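The values are calculated or read from the model by the stated rules, or taken from the named source; none is laboratory data. Please read all numbers here as calculations on a predicted model, not as lab measurements. Please note: Cβ atoms are built from the backbone with ideal geometry, for glycine as well, and neighbour counts cover all protein chains shown.
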Amino acid sequence: MATVRSGNQAALLVVDVQIGIVASAWNREKVIGNVDLAVSRARQVGVPVIWVQHHDDELQQGSDAWRWVDELQPRSDEPLIHKRYNSAFEQTGLEAELARRGVTHIVLAGAMTNWCIRSTAHGALDRGYDLTLLKDAHTTEDLRLSEDRVIPARDMVTELNAAIRWLAYPDRVNTVAHAADVELGAPGHV
């Protein structure tokens, strides 16, 4: 059973908005603009922004593809978490960083919806955090299963938004909100 966290301290978690990851992402410019809006709003109200950056054998740390998109840049005082797995929680310092800041509510944005955003969202809920998924601030690419079978990126975004909205976890709040409307300090209040 998860340890449910008491309090109402939010953090914005920006996951994998890197050049090589979002190069062909669905609705790229709009989503990056909404992530940027969420980052600006979090900074304005003093909500921590935590950046999560993926690397693996195909996405080499330090490469051009590994870098953040030009539109989004972490500030030097904002934590950076490096990860090798889909979930930002697996074998990273994310939980320690959240604990250090007293975070109980994660506001989530980034890429890729069907892999890293989904697994990080479930990881947060499984660990007892409240969660708000920014429904217009995450994206992915079409998933080609075979030559004649493709799952459109838009459908994966829509499905995860619906799933997060309707999941039920004991003593936790999980919801979705638009980047322009989310109340960064209060889960479930938009």
Query raised in the report: Limited to the stretch 25-52, what total is found for residues that are surrounded by 21 or more Cβ atoms within 10 Å (Cβ to Cβ) and polar (S, T, N, Q)?
Result: 1
Query raised in the report: Can we say I81 is within 22 Å of L125 (Cβ to Cβ), hydrophobic (A, V, I, L, M, F, W, C) and in contact with a Pro (Cβ under 6 Å, 6 or more places away or on another chain)?
Result: no
**Report entry** Selection status of V31, under 14 Å from L134 (Cβ atoms) and in a loop (DSSP other than H, G, I, E, B)
**Finding:** no
Query - Filter result (of a type in the set (G, A, S) and either surrounded by 24 or more Cβ atoms within 10 Å (Cβ to Cβ) or part of a strand (DSSP E or B) (or both)) within the stretch 127-147 - result: A137, S146
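Yes/no per residue for (1) of a type in the set (A, V, I, L, M, F, W, C); (2) within 13 Å of the chain's Cα centre (by Cα); (3) closer than 22 Å to V182 by Cα:
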site: D36; (1), (2), (3): no, yes, yes
site: D56; (1), (2), (3): no, no, no
site: L59; (1), (2), (3): yes, no, no
site: L98; (1), (2), (3): yes, no, yes
site: G110; (1), (2), (3): no, yes, yes
site: C116; (1), (2), (3): yes, yes, yes
site: A124; (1), (2), (3): yes, yes, yes
site: T139; (1), (2), (3): no, yes, yes
Report task. Determine whether L59 is in contact with a helix residue (DSSP H, G or I) (Cβ under 9 Å, 6 or more places away or on another chain), crowded, with 20+ Cβ neighbours inside 10 Å and not polar (S, T, N, Q). Result -> no
Requested in this report: From the list S24, S87, S40, pick out the single residue that is hydroxyl-bearing (S, T, Y) and either under 21 Å from D181 (Cβ atoms) or in contact with a Pro (Cβ under 8 Å, 6 or more places away or on another chain) (or both).
Outcome: S40
Query raised in the report: Of all residues in the stretch 91-105, how many are surrounded by 19 or more Cβ atoms within 10 Å (Cβ to Cβ) and either in a helix (DSSP H, G or I) or polar (S, T, N, Q) (or both)?
Result: 3
Requested in this report: Determine if the stretch 108-125 includes at least one residue that is in contact with a strand residue (DSSP E or B) (Cβ under 6 Å, 6 or more places away or on another chain), over 26 Å from A23 (Cα atoms) and either crowded, with 24+ Cβ neighbours inside 10 Å or aromatic (F, W, Y) (or both).
Outcome: yes
**Report entry** Pick from the stretch 1-24, criterion within 24 Å of H82 (Cβ to Cβ) and in contact with an Asp or Glu (Cβ under 7 Å, 6 or more places away or on another chain), ranking: surrounded by the fewest Cβ atoms within 10 Å (Cβ to Cβ)
**Finding:** S24
Query raised in the report: If you go through the stretch 78-90 one residue at a time, do you hit one that is under 12 Å from the mean Cα position of the chain (by Cα), in contact (Cβ under 8 Å) with a residue 60 or more places away in the chain and not in a loop (DSSP other than H, G, I, E, B)?
Result: no
Report summary line: Note on R127: of the conditions (1) over 19 Å from E58 (Cα atoms); (2) without any contact (Cβ under 8 Å) to a residue 60 or more places away in the chain; (3) basic (K, R), unmet is (2)
Report task. May I ask you to list pairs of residues, at least six apart or on different chains, whose Cβ atoms are under 8 Å apart, with the first in the stretch 144-166 being within 18 Å of H178 (Cβ to Cβ) and the second being hydroxyl-bearing (S, T, Y)? Result -> V157/T113; V157/T139; V157/T140; L160/T113; I164/T175; R165/T175
Query - Out of R75, R144, sole residue that is over 23 Å from T3 (Cβ atoms), out of contact with any His (no Cβ under 7 Å at 6 or more places or on another chain) and modelled with pLDDT under 95 - result: R144
